[in-house]
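K.L.:
Next up is a structure, given as structure tokens.
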């Protein structure tokens with residue numbers, strides 16, 4: 001978890017997003033009245049946010065603007081361009097979202113990327129592969145540190161540990177699959193399932209009581225690095241920051257990308273690391289049809305420690321320990 005300085009002033013603008021669904025064709029989306037109407041409404045909201053951004057930037061007179069992507073950044077970035085204020089953007093995903101594609105082409109002075117430049121079509125002359133800034137808590141754990149971390153979490157240190165997490169909000173399809181195959185996974189090792197708060201009560205009724213072999217946790221607010229560091233294998237979604245945190249932990253990892261998200265960005269994130277033999281990728285639809293696929297993927301990693309180690313080392317090669325410093329330098333250097 002990051003740390004937020006409460007002394008930093010925070011102001012908001014109105015924003016709007018363009019709804020697109022990777023698993024639904026564009027023609028079907030155009031015939032989806034609720035989506036069309038919300039997109040029309042949000043186009044108006046982007047215009048309002050653009051005017052708000054212009055006013056705020058004129059009042060603040062910043063030397064540089066930094067954005068991280070997401071729809072709220074579009075009006076701010078365009079306002080910075082209009083006012084001649086240098087704009088630096090950082091793109092964590094291996095596939096740029098719509099906001100960063102627009103800003104990268106028309107507005108940005110400097111572009112920092114989370115993955116190698118070959119996965120982007122940004123102008124090469126202003127693009128820099130810096131990686132993703134992550135907490136120094138995420139680092140490789142020794143065998144002794146992993147045992148200690150298991151004990152701190154109340155997990156039996158004599159068994160391999162399988163940690164399953166769908167991110168802060170959980171992942172219902174992964175949660176449901178793990179509940180179905182839990183007995184099979186427990187034959188391979190101990191299991192910690194981080195469910196997300198919304199599905200915790202449902203899963204609590206479907207799974208055994210917490211013990212030193214199984215724990216159901218709704219949400220981890222602190223020490224996530226120690227829990228993931230304790231793991232012998234991690235099963236997770238393919239969000240960009242989570243991926244790099246696991247790479248920094250040098251952790252054998254199974255990615256189950258959410259193919260329904262806008263632009264299929266998790267699918268594209270996972271493809272980068274699969275190509276480098278740095279992770280195992282399980283197709284979600286195949287897993288839902290045949291849950292044993294996930295059991296097999298976990299078993300393969302735990303039964304082939306030599307390959308799992310090489311895969312984790314390949315994963316670690318993507319870590320850029322100076323990412324935060326490099327982004328900060330780009331911001332400072334962009335000041336005119």
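The values are calculated or read from the model by the stated rules, or taken from the named source; none is laboratory data. Keep in mind that this is a model prediction, so the values were computed, not measured. In this analysis, Cβ positions are derived from the backbone assuming ideal geometry, glycine residues included, and neighbour counts consider all displayed protein chains.
K.L.:
Looking for something surrounded by fewer than 20 Cβ atoms within 10 Å (Cβ to Cβ) and at pLDDT 95 or above - is there at least one such residue anywhere in the stretch 187-198?
P.N.:
Looking for residues that are surrounded by fewer than 20 Cβ atoms within 10 Å (Cβ to Cβ) and at pLDDT 95 or above, one finds at least one in the stretch 187-198, hence yes.
K.L.:
Of the residues 215, 266, which single one is outside any loop (DSSP other than H, G, I, E, B), in the same structural domain as residue 191 (by TED's automatic domain parsing), in contact (Cβ under 8 Å) with a residue 12 or more places away in the chain and over 15 Å from the mean Cα position of the chain (by Cα)?
P.N.:
Result: 215 is the single residue among 215, 266 that is outside any loop (DSSP other than H, G, I, E, B), in the same structural domain as residue 191 (by TED's automatic domain parsing), in contact (Cβ under 8 Å) with a residue 12 or more places away in the chain and over 15 Å from the mean Cα position of the chain (by Cα).
K.L.:
Of all residues in the stretch 238-273, how many are under 17 Å from residue 195 (Cα atoms), at pLDDT 95 or above and surrounded by fewer than 22 Cβ atoms within 10 Å (Cβ to Cβ)?
P.N.:
Summing the residues that are under 17 Å from residue 195 (Cα atoms), at pLDDT 95 or above and surrounded by fewer than 22 Cβ atoms within 10 Å (Cβ to Cβ) in the stretch 238-273 gives 1.
K.L.:
Now for a separate question. When the residues of the stretch 282-308 are narrowed to those that are farther than 20 Å from residue 186 by Cβ and touching a residue at least 40 places away in the same chain (Cβ under 8 Å), which ends up surrounded by the most Cβ atoms within 10 Å (Cβ to Cβ)?
P.N.:
284
K.L.:
Return yes or no: is residue 238 within 26 Å of residue 66 (Cα to Cα), outside any helix (DSSP H, G or I) and in contact with a strand residue (DSSP E or B) (Cβ under 9 Å, 6 or more places away or on another chain)?
P.N.:
So residue 238 passes the test.
K.L.:
Could you go through the stretch 290-311 and let me know if any residue there is under 24 Å from residue 69 (Cα atoms), touching a helix residue (DSSP H, G or I) at 6+ places or on another chain (Cβ under 9 Å) and modelled with pLDDT of 95 or more.
P.N.:
no
K.L.:
Could you list all residues from the stretch 146-155 that are touching a helix residue (DSSP H, G or I) at 6+ places or on another chain (Cβ under 7 Å) and either at pLDDT below 95 or surrounded by fewer than 16 Cβ atoms within 10 Å (Cβ to Cβ) (or both)?
P.N.:
152
K.L.:
For the stretch 68-81, how many residues meet the condition of being under 17 Å from residue 331 (Cβ atoms) and not in a loop (DSSP other than H, G, I, E, B)?
P.N.:
The total comes to 5.
K.L.:
Between a first residue in the stretch 65-79 that is surrounded by fewer than 21 Cβ atoms within 10 Å (Cβ to Cβ) and a second residue that is in a strand (DSSP E or B), which pairs have beta carbons less than 9 Å apart while being 6 or more apart in sequence or on different chains?
P.N.:
68/89; 68/90; 68/91
K.L.:
Please give the strands (runs of 3 or more DSSP E) falling wholly within the stretch 82-152 in which 3 or more residues are touching a residue at least 24 places away in the same chain (Cβ under 8 Å).
P.N.:
So the answer is 87-91.
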